[in-house]
1. Does the range 107-149 hold any residues that are part of a loop (DSSP other than H, G, I, E, B) and touching a helix residue (DSSP H, G or I) at 6+ places or on another chain (Cβ under 9 Å), and which are they?
2. Quick one: in the range 214-266, of everything that is of a type in the set (Asp, Glu) and open to solvent by less than 40 Å² (accessible area, probe 1.4 Å), which residue is nearest to Cys113 (Cα to Cα)?
3. Any idea which of (1) open to solvent by 50 Å² or more (accessible area, probe 1.4 Å); (2) of a type in the set (S, T, N, Q); (3) assigned to a loop (DSSP other than H, G, I, E, B) is the one Asn37 doesn't satisfy?
4. Answer yes or no as to whether Glu206 is open to solvent by 10 Å² or more (accessible area, probe 1.4 Å) and farther than 27 Å from Ala270 by Cβ.
5. For the structure I just gave you, tell me whether Val243 is in contact (Cβ under 8 Å) with a residue 24 or more places away in the chain, within 17 Å of Lys44 (Cα to Cα) and touching a Gly at 6+ places or on another chain (Cβ under 6 Å).
6. Tell me, which residue of the range 163-178 that is touching a Ser or Thr at 6+ places or on another chain (Cβ under 8 Å) and surrounded by fewer than 24 Cβ atoms within 10 Å (Cβ to Cβ) is farthest from Phe235 (Cα to Cα)?
Amino acid sequence: MDTPLARELADLSSRRKALRDVSVSFSGDTRIFTVSNQKGGVGKTTTAVNLASALADLGAQVLVIDLDPQGNASTALNVTHTADTPSIYEVLIDDLPFADIVQGSPESPNLFCAPSTIHLAGAEIELVSQVAREFRLRRALSTYLEEHPKDIVIIDCPPSLGLLTINAFTAATEVLIPIQCEYYALEGLSQLLGSIQMIQKHLNPELDLTTILLTMFDARTRLAQQVADEVRTHFPEQVLDAVIPRSVRVSEAPSFGQTVIAYDGSSAGAVAYREAAVEIARRDPHAAQKKEK
């Protein structure tokens, strides 16, 4: 029957089939993403863990660094992050080697996580007195990657611009911004872009805004389409074609200690994240910068 639901199901079935035939390769150079947005509730952690899982399914060796004191990424990847677990806190404050905290996720042999614990909540204050406080994560990660190479590193940031987020920006080469397809989506974005430019100028000239992902898209509303169009107008090279819809399955998955890729890989949300992962894997990370020049 030619109904909206029938067309939607046919489209989803076609997209699933296309993903089965996808083949991507990874160059061996490590791409380090920081997933950031100062606005809360836009899907940062959800995006970080689901893209990581989808990229691992494509064959990439992926490390997720949970830099948010809430530890939600650690929960979604089903790794231990109790108070006595060696975590990213000990790496930043006590110079514990990265290799001593990285855990494999049971979801995939290609997926690893550097967990967060509640101790990270005090790290913002403790970092103030540390030597080279903005570069603590970068130096520890660089040492780790020399001996344990990865294709992709994804850093999940807290929703603020403190020393933890600055450490993430300084360690990364690419910024990925999830933008919610709702009215307040663009509020604060100019401030975030200003922060990125400040980091580029003073701390990390290699940092580029390469990827914007539209999340929580509700095709039933005109507002969602208007927001998506506006973002694409302002950032035509950075916005992915894939759009993440509002999805019950995406919301349910963390309660089972899973990403939506493992929880229900055929759902609309999982298909969208897998499409986004393919786009990221195939993109030249510096293409946007080259075109701007």
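1. Of everything in the range 107-149, those that are part of a loop (DSSP other than H, G, I, E, B) and touching a helix residue (DSSP H, G or I) at 6+ places or on another chain (Cβ under 9 Å) turn out to be Glu107, Ser108, Pro109, Asn110, Pro115, Ser116, Thr117, Val128, Gln130, Ala132, His148.
2. Among residues in the range 214-266 that are of a type in the set (Asp, Glu) and open to solvent by less than 40 Å² (accessible area, probe 1.4 Å), the one nearest to Cys113 (Cα to Cα) is Asp264.
3. (1)
4. The answer is yes for Glu206.
5. Taking the combined requirement at face value, the residue does not satisfy it.
6. Here the residue is Thr165.
Results for (1) under 18 Å from the mean Cα position of the chain (by Cα); (2) of a type in the set (Gly, Ala, Ser); (3) farther than 30 Å from Arg246 by Cβ, shown as yes or no for each residue.
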residue	(1), (2), (3)
Ser142	no, yes, yes
Val153	yes, no, no
Cys157	yes, no, no
Leu161	yes, no, no
Thr165	yes, no, no
Ala171	yes, yes, yes
Leu186	no, no, no
Leu189	yes, no, no
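For every residue, the table says whether it meets (1) assigned to a strand (DSSP E or B); (2) free of Cβ contacts under 8 Å to residues at least 60 places away in the same chain.
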| position | (1), (2) |
| --- | --- |
| Asn167 | no, no |
| Val175 | yes, no |
| Ile179 | yes, no |
| Ala185 | no, no |
| Gly194 | no, yes |
| Lys201 | no, yes |
| Thr211 | yes, no |
| Leu214 | yes, yes |
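The values are calculated or read from the model by the stated rules, or taken from the named source; none is laboratory data. Quick caveat, the model's predicted, so the values are computed rather than measured. Note: ideal-geometry Cβ built from the backbone for every residue, glycine included; neighbour counts use all protein chains shown. Heavy atoms of the whole protein, side chains included, go into the accessibility calculation; ligands, DNA and RNA do not. Shrake-Rupley method; radii C 1.70, N 1.55, O 1.52, S 1.80 Å.
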